[in-house]
Amino acid sequence: MNLAKPRIDIGFATNHAPAALAFWQNEIGLRFDHTQPIRRGYKQHRHDLCGSILKINQVYEPLPDNPPSGYLELLIARDGLTAPQPMADPEGNRVSLVPRGMYGIERIGIRLGVRDVAAHRRFYTEALGLPLGEANANGAETFLAGDTVLIVEPAADAPHDAAFEGKGWRYITFQVFEVDREHAHVLSHGGREARAPVTLGTTARISMVRDPDGNWIELSQRASLTGSLEPSHG
């Protein structure tokens, strides 16, 4: 995968944006960047997350009570720590501040619980083209998306068909140069299509794919990073 930004973004939805914004800005110390209207009743509050973007999606319709996705926890590297500091935001999203270098994390890491680590290894290495990171205990494996570390571990309660709507961590985003090309590559290497590529005004061209457990992954060709939203034809 040809990344336009060497790290992953992550997002969740909330019906209670003020409390979520207060936690991430005041407790975690993230810098608010801007609010981006997505559609009627849906706007995205974007925050700088060590060079990644934390997307807090404010939704006015009540979120459905769907089971959690496989995205378990956000890990944020901080200097001066000797042990992880686990927390949860008002939505119940798990986040830990961790010593820099833990699990190879220099900026952020994302923990993912899965039914079959080998199936996800094939998906992440073949469909997404990510290299393996350093080995971990307890059957976990790590994959590198630029300087973001994905920690994939076995979980008995992992979903088999994760929903996009619902509470908790719901999707990650790869910023790429050519969405159409990357989307086609994922589908030809075992990924499932969730949403075909579509252009959102002058901001981005995006698509959605799903991993072996149905977890949602956004592919985004963002004009501010790539300079063009033209679909590729190769």
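Here are some notes:
- Distant-in-sequence amide H partners of L130 (H built 1.01 Å from N, under 5 Å): T125
- Sites listed here are trypsin sites (Lys or Arg not before Pro) in segment 87-135 whose DSSP assignment is loop and whose Cβ has at most 16 other Cβ atoms within 10 Å: R100, R115.
- Each other residue within a Cβ distance under 13 Å of P131 adds +1 if Lys or Arg and -1 if Asp or Glu, for a net charge of -3.
- Here r is the Cβ-Cβ distance between E230 and E126 and R0 is 35 Å; the resulting FRET efficiency, rounded to 0.05, is 0.85.
- Per-pair calculated FRET efficiency, R0 = 25 Å: N66 and A118 via Cβ, rounded to 0.05: 0.40
- Contour excess over end-to-end distance, with Cα ends at T203 and R94 and 0.36 nm allotted per residue: 36.3 nm
- Remark: the chain carries a charge dipole of roughly 460 debye about the Cα centre, counting +1 on each Lys and Arg Cβ and -1 on each Asp and Glu Cβ.
- 5 angstrom amide H check on V95, placed H, neighbours 5+ away: L74, M87, A88, D89
- When GluC sites (Glu not before Pro) are flagged only if DSSP places them in a loop and at most 15 other Cβ atoms lie within 10 Å, the longest unflagged stretch of the chain comes out as 1-105.
- The gain in end-to-end length when the T82 to D48 segment is fully stretched comes to 9.8 nm, 0.36 nm per residue minus the alpha carbon separation.
- Charge-dipole axis of segment 81-219 as Lys and Arg at +1 and Asp and Glu at -1 on Cβ define it, positive-most pick from A140, G214, T199: T199
- Counting only DSSP beta bridges with both residues in segment 87-210, the antiparallel share comes to about 70 percent.
- Placing dummy labels 7 Å off each Cα toward the beta-carbon, the span from H34 to H160 is 4.4 nm.
A short reminder: the numbers here are calculations on the coordinates, not readings from a lab. No experiment lies behind these values; they were computed from the predicted model shown. Cβ coordinates were reconstructed from backbone atoms using ideal geometry, including for glycine residues, and neighbour counts include every protein chain displayed.
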